[in-house]
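Note sheet for the following structure.
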Amino acid sequence: MTTRILVTGGAGFIGSHYVRTLLGPAGPGELAVTVLDALTYAGNPANLDEVRDHPRLAFVKGDICDGELVNELLAEHDEVVHFAAESHVDRSILGATDFIRTNVLGTQTLLDAALRHEVGRFVHVSTDEVYGSIDTGSWPETDPLSPNSPYAASKASSDLIALAQHRTHGLDVRVTRCSNNYGHHQFPEKVIPLFITNLLDGRKVPLYGDGGNVRDWLHIDDHVQGIELVRTNGRPGEVYNIGGGTELTNKELTALLLEACGADWDTSVEYVTDRKGHDRRYSVDCRKARTELGYEPRKDFATGLAETVRWYRENRAWWEPLKERAAL
Ligand code: NAD
């Protein structure tokens, strides 16, 4: 029997890669996918070009906060993989209303409809940012949530609401918390594509504070692998951390990007005032996903980064209009 999956935010960076992977030649088959996406500034139908004519793909332009629409859609779907969100920390610092609306209210709207229609599985895609900041060591899934930015707080709220639907009503909810994703098709406001595209244009890159903030980098292929493992083999009501295994300071990352783009530090790097409340370090402990699900990040960072730089070099037509529109 064909499993009908509603993928929210499937026109964004990670959601579109998930859909392309599910419907691609190595996908599991026996699946029909409906993408529900509001096409905000970050949503781009071109991200789905590769699978646009796939007979088992449907696209619905709509808002996850629209209870009537969500209710209608969930009556016809077996599972939900929920990516839709306002996702950029810097924007949440300028104004958090859209973050609370989409990330909190939108998630609750989906969960309510999922419960009403007895949806089989609900994978809620979250972030390591919900744990806060950690100087040494790594967070296991049992660590308390201590989010700092409005974005992280909105995601932490939605995690708790999702888990509450499991504990209160028995809905099969699974939560993933991943580290920083990178790869092709990422909106060029996020640090890796912003720096690459600036460098390709001979512009400077803005480095926050002292450049010492540490992030763990996860290639989208590995993230999609992790989400699929959680969807197919994870346990209801459980949280799974998904990391990439490459920790770098922003300074180290910048040096690698400069090298890949043939630019040098002195002419291309501009230190700028630090992001307000900038978390110093994120680090997830992925032992649970490893031991329970066999999750293992496979993409070597040097290879993944070189492929990403090449993609942006070869796909100016994709990112130039986005940067112009967003005045980046
Ligand atoms: P993205 O910003 O590239 O895409 C978000 C998508 O959601 C867009 O297509 C947008 O149009 C859609 N959307 C926004 N509001 C909507 C609404 N109200 N109704 C319907 N659709 C709406 O984000 P991304 O980087 O692909 O992130 C996907 C998910 O992964 C998010 O939940 C994010 O919090 C999480 N996440 C991302 C990262 C990362 O490094 N990018 C890291 C950890 C977690």
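The values are calculated or read from the model by the stated rules, or taken from the named source; none is laboratory data. Note that the structure is predicted; figures quoted are calculated from it, not measured. Cβ placement follows ideal geometry from the backbone for every residue including glycine, while neighbour counts extend to all protein chains displayed.
For segment 129-139, the criterion of being under 19 Å from the mean Cα position of the chain (by Cα), within 12 Å of the ligand (Cβ to nearest atom), assigned to a strand (DSSP E or B) and assigned by TED's automatic domain parsing to the domain that holds ASP98 is met by none of the residues. One residue stands out among those in segment 269-285 that are touching a helix residue (DSSP H, G or I) at 6+ places or on another chain (Cβ under 6 Å) and not β-branched (Val, Ile, Thr): the one that is farthest from ARG203 (Cα to Cα), which is TYR282.
If you go through segment 170-221 and keep only what is away from the ligand (no atom under 13 Å from the Cβ) and of a type in the set (Val, Ile, Thr), you end up with VAL173, ILE196, THR197, VAL205, VAL214. Between TYR240, TYR271, TYR282, the distinction of being of a type in the set (Ser, Thr, Tyr) and within 30 Å of LEU23 (Cβ to Cβ) belongs to TYR240 only. Does any residue of segment 157-166 turn out to be within 15 Å of ARG281 (Cβ to Cβ) and more than 12 Å from the ligand (Cβ to nearest atom)? Scanning segment 157-166 turns up no residue that is within 15 Å of ARG281 (Cβ to Cβ) and more than 12 Å from the ligand (Cβ to nearest atom). Considering ILE161, ILE196, the condition of being out of contact with any Asp or Glu (no Cβ under 7 Å at 6 or more places or on another chain), part of a helix (DSSP H, G or I), assigned by TED's automatic domain parsing to the domain that holds ASP264 and among the aliphatic types (A, V, I, L, M) is satisfied by ILE196 alone. Taking segment 229-328 as the region of interest, the helices (runs of 4 or more DSSP H) fully inside it that hold 1 or more residues being of a type in the set (S, T, N, Q) are 250-261, 265-268, 287-293, 301-314.
Residues of segment 89-128 that are more than 10 Å from the ligand (Cβ to nearest atom) and acidic (Asp, Glu): ASP90, ASP112, GLU118. Can you spot a residue in segment 83-92 that is touching a Ser or Thr at 6+ places or on another chain (Cβ under 8 Å) and among the polar types (S, T, N, Q)? Yes, the conditions are met somewhere in segment 83-92. For segment 39-51, filtered to residues that are of a type outside the set (Ser, Thr, Tyr) and in contact (Cβ under 8 Å) with a residue 60 or more places away in the chain, the residue that is nearest to LEU229 (Cα to Cα) is ASN47.
Tell me yes or no: at least one residue of segment 140-154 is among the small types (Gly, Ala, Ser), out of contact with any helix residue (DSSP H, G or I) (no Cβ under 7 Å at 6 or more places or on another chain) and under 21 Å from ALA42 (Cα atoms). Checked against the condition, which is being among the small types (Gly, Ala, Ser), out of contact with any helix residue (DSSP H, G or I) (no Cβ under 7 Å at 6 or more places or on another chain) and under 21 Å from ALA42 (Cα atoms), segment 140-154 yields at least one hit.
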